[in-house]
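To start, the structure itself, in structure tokens.
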Amino acid sequence: MPEEPNDATPFLPERRSLTALREAAQECRGCHLWRPATQSVFGEGRKSSRVMLVGEQPGDKEDLAGKPFVGPAGRELDRGLEAAGIEREDAYVTNVVKHFKFEERGRRRIHQTPKRFEIDACGPWLDAELDVVKPEALVLLGGVAAKALLGSSFKVTQHRGELLESELAPIVSATIHPSAILRQRDDASRAAEREAFAEDLRVVAAALGRVERQH
Ligand code: SF4
């Protein structure tokens with residue numbers, strides 16, 4: 001059992017604007033992950049974004065920059081969005097956990113998967129982002145984010161690119177985390193995974209297009 005607090009709720013501001021939330025998240029001590037990290041990395045994008053993309057947690061580059069998806073995985077995400085015809089400006093990007101969890105190996109900081117209690121502790125921030133942005137489409141990137149929001153039995157490998165029934169948003173879908181593209185063994189596998197990722201995002205773009213035509 002964790003000895004530290006396990007809930008971000010007391011750190012949430014009364015005013016629920018993205019700016020107020022982002023500032024308050026810097027002071028969050030809702031779990032132990034703030035301690036070794038450089039800073040919290042809150043979501044980024046406009047309140048009016050139609051799409052919200054949720055990953056696992058900031059990585060090394062994101063921790064240093066204070067912005068989500070700015071490292072190599074972020075570049076893959078940008079490529080995927082572009083290939084699917086989703087404007088980056090129309091996308092709000094965030095993570096289920098706002099501090100980088102890592103293990104130091106020499107001078108390198110190696111990503112560690114957050115545990116359930118850490119994801120639960122950080123959940124109020126994501127709930128608040130969903131409340132403010134109210135995206136038309138919610139895309140969960142990778143197994144950690146998908147299980148956090150859709151339940152621990154959800155398997156991205158079985159349901160990637162499907163439109164899912166959920167109260168979270170009118171359109172909900174899950175796909176791989178873009179870092180999975182980078183982990184592929186060779187160029188051919190990377191290209192195939194990149195195309196599959198773009199294809200999953202095209203499903204979301206098409207669903208958004210249908211919503212647009214109805215209005
Ligand atoms: S990971 Fe989340 S709950 Fe834990 S300290 Fe950071 S912002 Fe707070």
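The values are calculated or read from the model by the stated rules, or taken from the named source; none is laboratory data. On a predicted model such as this, the values are computed, not experimentally measured, just so you know. Cβ atoms come from the backbone with ideal geometry, glycine included; neighbour counts cover every protein chain shown. The protein model used for the area step is the full one, side chains on, heavy atoms only, and it has no ligands, DNA or RNA in it. Shrake-Rupley method; radii C 1.70, N 1.55, O 1.52, S 1.80 Å.
Computed values, structure above
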| read-out | value |
| --- | --- |
| Conditions (1) open to solvent by less than 20 Å² (accessible area, probe 1.4 Å); (2) farther than 19 Å from Q26 by Cα; (3) of a type in the set (K, R); number of the one not met by R108 | (1) |
| Count of the stretch 13-37 residues which are more than 10 Å from the ligand (Cβ to nearest atom), closer than 16 Å to L130 by Cα and in contact (Cβ under 8 Å) with a residue 60 or more places away in the chain | 4 |
| Given (1) surrounded by fewer than 18 Cβ atoms within 10 Å (Cβ to Cβ); (2) among the polar types (S, T, N, Q); (3) within 16 Å of the ligand (Cβ to nearest atom), index of the condition S48 fails | (3) |
| Residue satisfying condition, being within 13 Å of the ligand (Cβ to nearest atom), in contact (Cβ under 8 Å) with a residue 24 or more places away in the chain and small (G, A, S), within set G142, G123 | G123 |
| Boolean, K98 is not aliphatic (A, V, I, L, M) and not in a helix (DSSP H, G or I) | yes |
| Check on V132, buried (at least 19 other Cβ atoms within 10 Å of the Cβ) and in contact with a helix residue (DSSP H, G or I) (Cβ under 9 Å, 6 or more places away or on another chain) | no |
| Candidate set from the stretch 71-103 (those that are open to solvent by 30 Å² or more (accessible area, probe 1.4 Å) and modelled with pLDDT under 95); member that is nearest to the ligand (Cβ to nearest atom) | P72 |
| Hits in the stretch 147-181 (condition: touching a residue at least 40 places away in the same chain (Cβ under 8 Å) and assigned to a loop (DSSP other than H, G, I, E, B)) | R160, G161, E162, L163, A169, P170, H177, P178 |
| Test result for V144, open to solvent by 10 Å² or more (accessible area, probe 1.4 Å), touching a Gly at 6+ places or on another chain (Cβ under 6 Å) and over 16 Å from C31 (Cα atoms) | no |
| Test: residue in the stretch 57-66 that is away from the ligand (no atom under 13 Å from the Cβ), over 19 Å from G142 (Cα atoms) and either basic (K, R) or within 12 Å of the chain's Cα centre (by Cα) (or both) | no |
| Residues located in the stretch 160-178, provided they are within 18 Å of V132 (Cα to Cα) and of a type in the set (D, E, K, R) | E167 |
